[in-house]
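Enquirer: Structure in structure tokens, see below.
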Amino acid sequence: MHDFIDIWSKSNRRRAENSVKISLKCFSKLADPDTCDFRDSTENELNDGQTVEALVERARINRKSVKIVFVNNKNVDLDTVL
């Protein structure tokens with residue numbers, strides 16, 4: 001089983017002028033019921049222009065543990081801008 005995260009960017013639902021609302025799900029060994037679970041997504045708000053890596057750091061997920069990342073059902077790298 002792969003360790004991966006699934007990110008949904010709600011690009012048309014801006015909360016603040018320079019931010020974007022992100023839903024984060026974690027799977028396999030990365031899943032934690034208190035911080036990032038696969039059953040219910042964890043809501044995060046990031047500034048425009050921030051990357052997947054910034055979200056991973058904010059969620060306190062070990063970068064080396066992330067093997068696969070999906071943003072809106074598309075496989076991406078950690079340097080992808082959200």
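Each value in this text was obtained by applying a stated rule to the coordinates, not by laboratory testing. Predicted model, so just to flag it, every value in this text is computed and none were measured. Cβ placement follows ideal geometry from the backbone for every residue including glycine, while neighbour counts extend to all protein chains displayed.
Enquirer: With Cβ to Cβ distances under 13 Å as the rule, what net charge do the other residues near PRO33 carry (K, R +1; D, E -1)?
Expert: Values: positive: LYS25, ARG39; negative: ASP32, ASP34, ASP37, ASP40.
That works out to -2.
Enquirer: Which residues in the stretch 48-67 have a backbone N closer than 14 Å to a point placed 7 Å from the Cα of THR35 along the Cα-to-Cβ line?
Expert: 55-66
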